[in-house]
Amino acid sequence: MKLPAISASILLLVFQVILIVIYAVAVDYSKPVASTDITNFYPVFQDVNVMIFIGFGFLMTFLKKYGYSAVGYNLLISAVTIQWSMVLTSWLANAANKADSPGKVKLSVTNLITADFNAGTVLITFGAVLGKTSRFQLVVIAIVETVFYGVNEMLLVHYLKVTDIGGSMIIHMFGAYFGLAVAFALRKDELRDGENAKEASNVNSDLFSMIGTVFLWMYWPSFNGVLLGPGLMQSRAFINTYISLAACCVSAFVVSSMVDPNRKLNMVHVQNATLAGGVAVGAAANLIIHPWGAMLVGSLAGIISTLGYQYIQPFLLRSINLHDTCGVHNLHGLPAIFSGILATIASAVADESDYGADLYAIWPARLKTGDNRSKSNQAGYQFLAVVVTLAMSIVGGLITGFIVSLLDNPSEDQWFDDEDFWEVPALDFEAKGVVVNHASSHVGPMEMRITTTSVGGETGNNNRA
Amino acid sequence: MKLPAISASILLLVFQVILIVIYAVAVDYSKPVASTDITNFYPVFQDVNVMIFIGFGFLMTFLKKYGYSAVGYNLLISAVTIQWSMVLTSWLANAANKADSPGKVKLSVTNLITADFNAGTVLITFGAVLGKTSRFQLVVIAIVETVFYGVNEMLLVHYLKVTDIGGSMIIHMFGAYFGLAVAFALRKDELRDGENAKEASNVNSDLFSMIGTVFLWMYWPSFNGVLLGPGLMQSRAFINTYISLAACCVSAFVVSSMVDPNRKLNMVHVQNATLAGGVAVGAAANLIIHPWGAMLVGSLAGIISTLGYQYIQPFLLRSINLHDTCGVHNLHGLPAIFSGILATIASAVADESDYGADLYAIWPARLKTGDNRSKSNQAGYQFLAVVVTLAMSIVGGLITGFIVSLLDNPSEDQWFDDEDFWEVPALDFEAKGVVVNHASSHVGPMEMRITTTSVGGETGNNNRA
Amino acid sequence: MKLPAISASILLLVFQVILIVIYAVAVDYSKPVASTDITNFYPVFQDVNVMIFIGFGFLMTFLKKYGYSAVGYNLLISAVTIQWSMVLTSWLANAANKADSPGKVKLSVTNLITADFNAGTVLITFGAVLGKTSRFQLVVIAIVETVFYGVNEMLLVHYLKVTDIGGSMIIHMFGAYFGLAVAFALRKDELRDGENAKEASNVNSDLFSMIGTVFLWMYWPSFNGVLLGPGLMQSRAFINTYISLAACCVSAFVVSSMVDPNRKLNMVHVQNATLAGGVAVGAAANLIIHPWGAMLVGSLAGIISTLGYQYIQPFLLRSINLHDTCGVHNLHGLPAIFSGILATIASAVADESDYGADLYAIWPARLKTGDNRSKSNQAGYQFLAVVVTLAMSIVGGLITGFIVSLLDNPSEDQWFDDEDFWEVPALDFEAKGVVVNHASSHVGPMEMRITTTSVGGETGNNNRA
């Protein structure tokens, strides 16, 4: 396994040098900076930052033998993505805006937010392939996906001119279906039976995962509202998201115990489906959907997402061998489609009588001096954005998945397992599922480890003994 | 155990539908919203939000076999409470203010804060009955307690017109004594000996709990000051709380090792008593108690709380069979009484010469054009608020406890144990206290599990073997 | 072990009483307070607060048997330090500024920030001696180090008049070399072989540690920028730090796997070296080093820090018996020297043409009406600040280390082990490395514990059996 690790390192090193050169040529600070440029955005940005690095990072630690990779690779691929995104998405925006110097990038606090959004997209994709891809493959995915992401964002914002304040389409739908397409391209028959004993949690890994869940849950209003800046629309975004999440949490708990054969709650649902309300309300978070609307949306999202985990995910695995480690389809994919439809409906009924001048801030194409779109016209574009994003993400993911399938693929016994890629504490094997009798009490740690492994334990070798 | 889970689900489902209907009829967004309405409140609100969901949620994970329930139910009952509270407490405030449309609710960021406060109160109550109540009972408690909470808050704010900026009476005292009353109503002889082996922590559960402690500790200044908005009084509230907590932390450590028979520190004290300074200074956080006063208050709170854990809690268990799982009496109850007395004293000496115009913002009843109360008069009302809150919480708690005692009670072997209510990783039993000899190395996981249970291990069955 | 615990308690108690007296005599609230005094500083302060208490606290929980002490003592010594610092550093600043009432202290939100910085410095020192010092020794170190820290800060800010916005010299360099000097003064031959089996992590302790890492990593821009207040310079500090950390993260991962004999990643590097970019950019975070400069600095810092962990730290242990538990030399010491040199270079090329009026806010000594320093002159002072800080911290650390070496030293078998200082859950030994056969299933917990210990397990006693 020496080659792959070095390969990832060399790729990272070369790409980092390229980034330094690009930044030296093209990137500088934006100025002037007003006091409110920071107070309006920075505290809310930091909430989003926590969602990306603690939220996603710990949410993915639920695999009991893959915690180092989960939180470590989360940090690494985000670090690569944010540096790459800050320059690339700015270039694309400059080009779309026909800026005088399309190659020049001026950084402000807002760029930190959009870079984090891009990282979040890549991390959703990471969730679909968690435990089944090498570090080298993940870095390639991050670099390539950022290009597709940037292009799709540009299409939606600058050409389709749709609203998607919480990034339900741009971030969640794109990241999820891109990830599912990569996972499909990398599909393996060995995953189909779902009996890999390492693909499981234990009590501690589940609680680490809940740290991620709760931070994502709490700060999701910030995610959906951060780009608006303070004012009436941001207030609406915060309130809609807060209510949607609360309602979603309740319905996820309700459905979780109802669908369980033993009528017990399932941590997978609690860790994930409770968050679907944040995705589902996202594209319409700043729209006038009313508090009861947000509550209804959240309630339905919790139901859809939990049913997705319970029924759709196993069905996709059995029927088309689509293995989705974190179930990103249920947390991000389906709720994002719901959100796209919601934004379509909300756009179809939006009038100046309700929104005032905000109407044109939300949908600039409705300006008479602009594209002069009607509300049904705008709704059509909103729906088109769903279709475009699905197409871009699936095609982009299939291409990317094909590329990385040619690179170093971890072998079956390396899946969901840190051991071949991280220095793992040697004695930890004893801490889990030790099975030794008194007679062997004289053996040293190495022997004990062998004994342990030979008789099984938490690693589940018993299944095959 | 199938029926109870479904019962909780049906109740949650019905209540969620009721909420959607209520919101459709009565709730909308507040407008207009100024930029400062958000920048002044939202970042500090998010600190409070972290306290409610991470702080309380992880603080309660200290029970080694009850972590899923601790953090999961914390999320669930908060999600129910905040939706219910946003409409109910607004109705009560509208009624007290004789609003034109008492049934109409206009939501702003401030409502998110007060909803979180209500959730915090219910979570303190949860702490008293942690591990001994079913999900169904907890949801009933949350719904009913919110009514009593709202009424008590209205009495204190609108009728007694007292100051309690950090909610020491409204939140901590109320939540603690309500919870103790519920626990008393549900008391069981089997808890009296304190020898339930599952009612214990392990190293990991203690560290998860410390995540909760430290977030509560850090953000407590935000809790005590958030409603003030930026200015001199908020600055005072932040500084007083910060100093009180630091002093409390020191005295909790000092007393913890002094009262221990082995002169060792006790994690129960570190997890909880270090926070008592935030409660104790709460009702007077914005008052001119001077930094040394805050320091003295914090120091005493740490002493009181630690002594409470060490001596008063076991005494109440032995003498009146009052079992308080998290010791909320020591962290919230006693320090809140201290805080009520502190606010009484500070009110008794408050003059316009010290406070300027802030005097009437803090105590509007002292306005000559208002109730024209004297300072000793106001002090009397402050003390009355302690008495009223104690009465409301204890009576409300006893009534609620009686109601839920008629519902499904978990059996003794279900106490402090996730297993009958959550899908728990099967192999985890092996990871904890595995006791198997070589000869049995051929058995599969299920057999091992049975073996494990039969011979004891971390579950403590050895005690009874 | 009864005496030491009481000694620490008595010292803490006496010092707390002294603090209350000092505060009663000398400390009050600052006023008036403008709304922006809070909104400009408080949210960013809370980020720093999380870094100090969650960041440092959990980063140090990586030792598998020392988690209670790591996060508990982190809280305790910070609580002592912040109370002591708020008054002491204000006195020193008053004296340097020739204030009318040098003994009077007026507290505002800014004091909470600088108190946290002081605590951070003491915690870096704590990292160097983690697991090898008693609570009594740690409290003495905190109290004494705060004095040396305050004097050094005063020298740099008021006499050398250097810029160090992120505290790379004042906080990181000082804390690291002070800690290394204390560690050197307390050196023990038994640590030299690095074979103490308790000085190790396990999977859970490593993940707890990552909570600290990620919070430090996310909020480091706040650390480096908080004191500036919102505006162009703060924006630059945020952006430079964000980029430097991202680049540092990448290079730390690259080097980590390259230097590993098995080409695997090492959690020690991921937990620590990924953060070196925050330190390295610190002293120049608000300077015009350009985004590519920040990226280069971060990349180099990740390399330096990882190489430090891999090669320099073992070399220092072997050659001069300098045992640095957390490797603070690699995370704080070396990157801080790099940062000092970086600030020297940036000062040497700083002109009004680039900085405008900010030049004199950053370097007041360059004012013609002030010290009228040239840029090379200022650069000389910047370099002198490195030398002074190194001298102050090493001398102060040696003196402090000598003092505490006379106090109660934990014995070798107490190192890296909570057990003699905390009430540790009895049954936890069974949860880790249980080695018992069926025949012994009748034994109670105490016997099992003895059995466990006698045959070894995670505690590593096997090494010596």
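Bear in mind that the values in this text are calculations on the coordinates, not laboratory data. Just so it is clear, the structure is predicted and the values come from calculations on it, not from any experiment. Cβ: placed from backbone, ideal geometry, glycine included. Neighbour counts: every protein chain shown.
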- Message: Give the aspartates and glutamates whose C-alpha is closer than 17 Å to that of A:LYS368, dropping any in the same chain fewer than 8 places away, or say none.
- Response: A:ASP351, A:GLU352, A:ASP358
- Query: Per residue of the protein assembly as shown, what 222 nm ellipticity follows from adding -39500 (n - 2.57) for every DSSP H run with n ≥ 4, rounded to the nearest 500?
  - Reply: -20000 deg cm²/dmol
- By Cβ neighbour count within 10 Å, fewest first, C:LEU75, C:LEU92, B:LEU138 rank C:LEU92, B:LEU138, C:LEU75
- Query: Taking neighbour Cβ counts within 10 Å as the exposure measure, how do C:PHE338, B:PHE315, B:PHE62, C:PHE253 sort from fewest upward?
  - Reply: B:PHE315, C:PHE338, B:PHE62, C:PHE253
- Message: For a test of the definition: using alpha carbon positions, the gyration tensor, and the 1.5 limit on a/c, classify region C:154-310 as rounded, prolate or oblate.
- Response: oblate
- Query: Measuring from centroid to centroid over Cα atoms, what is the spacing of region B:81-121 and region B:351-425 in Å?
  - Reply: 16
- Item | Anchor A:LYS104: aspartates and glutamates whose Cα lies under 17 Å away (excluding residues fewer than 8 positions away in-chain) | A:ASP28
- Once every Cα of region C:171-217 carries one equal point scatterer and solvent is ignored, give the base-10 log of I(q)/I(0) from the Debye formula at q = 0.13, 0.21, 0.27, 0.33 Å⁻¹, two decimals. -0.51, -0.97, -0.91, -0.99
- Note on the structure: As straight-line cross-link partners of A:LYS375, the qualifying lysines (C-alpha separation under 19 Å, not fewer than 8 residues apart within one chain) are A:LYS161
- Message: Can you give me the angle between helix C:109-129 and the longest principal axis of chain C, using Cα atoms only, in degrees from 0 to 90, rounded to the nearest 10?
- Response: 40
- Query: At q = 0.06, 0.09, 0.11 Å⁻¹, what log₁₀ I(q)/I(0) does a Debye calculation on the Cα points of region A:2-414 give, no solvent, two decimals?
  - Reply: -0.22, -0.51, -0.78
- Task: Over region A:75-135, calculate the relative contact order: mean separation of alpha carbon pairs under 8 Å at least 6 apart, over the residue count, as a percent.
- Result: 47
- Task: Answer with one residue from B:VAL33, B:GLY229, B:GLY356: the one whose Cα lies farthest towards the positive end of the charge dipole of region B:2-414, charges on Cβ with Lys, Arg +1 and Asp, Glu -1.
- Result: B:VAL33
- So, in nm, how far is label C:TYR159 from label A:ALA365 when the simple model puts each one 7 Å beyond its Cα toward the Cβ? 6.8
- region A:2-414: relative contact order as a whole-number percent, Cα under 8 Å and 6+ apart: 23
- Task: Rounded to the nearest 10 degrees, what's the angle between the helix C:203-225 long axis and the longest principal axis of chain C, both from Cα atoms, 0 to 90?
- Result: 10
- Note on the structure: Row for the protein assembly as shown, column shape: gyration tensor on C-alpha, a ≥ b ≥ c, rounded if a/c < 1.5 i.e. under 1.5, prolate if a/b over b/c, else oblate; value rounded
- Contact order relative to length of region B:286-357, as percent, for alpha carbon pairs under 8 angstrom and 6 or more apart: 38
- What ranking do C:ARG192, C:ARG135, C:ARG366, C:ARG263 get, fewest neighbouring Cβ atoms within 10 angstrom at the top? C:ARG192, C:ARG263, C:ARG366, C:ARG135
- Note on the structure: Rounded to the nearest 5, the percent of DSSP beta bridges in the protein assembly as shown running antiparallel is 0
- Message: Taking a ≥ b ≥ c as the square roots of the Cα gyration tensor eigenvalues, with a/c under 1.5 meaning rounded and otherwise prolate when a/b beats b/c, else oblate, which class fits region B:1-91?
- Response: oblate
- Query: Considering every residue in C:282-293, what mean count of other chain Cβ atoms within 10 Å of its Cβ is obtained?
  - Reply: 3
- Place a +1 charge on the Cβ of each Lys and Arg in the protein assembly as shown and a -1 charge on the Cβ of each Asp and Glu, then give the dipole magnitude about the Cα centre in debye, rounded to the nearest 20. 1820
- Over all distinct alpha-carbon pairs, what is the Kirkwood Rh of region C:1-155 in angstrom? 16.5
- Message: On C-alpha positions alone, give me the angle between the axis of helix B:135-154 and the longest principal axis of chain B, in degrees, nearest 10.
- Response: 10
- Message: Quick check: the distance between the Cα centres of region C:299-323 and region B:190-229, to the nearest angstrom?
- Response: 38
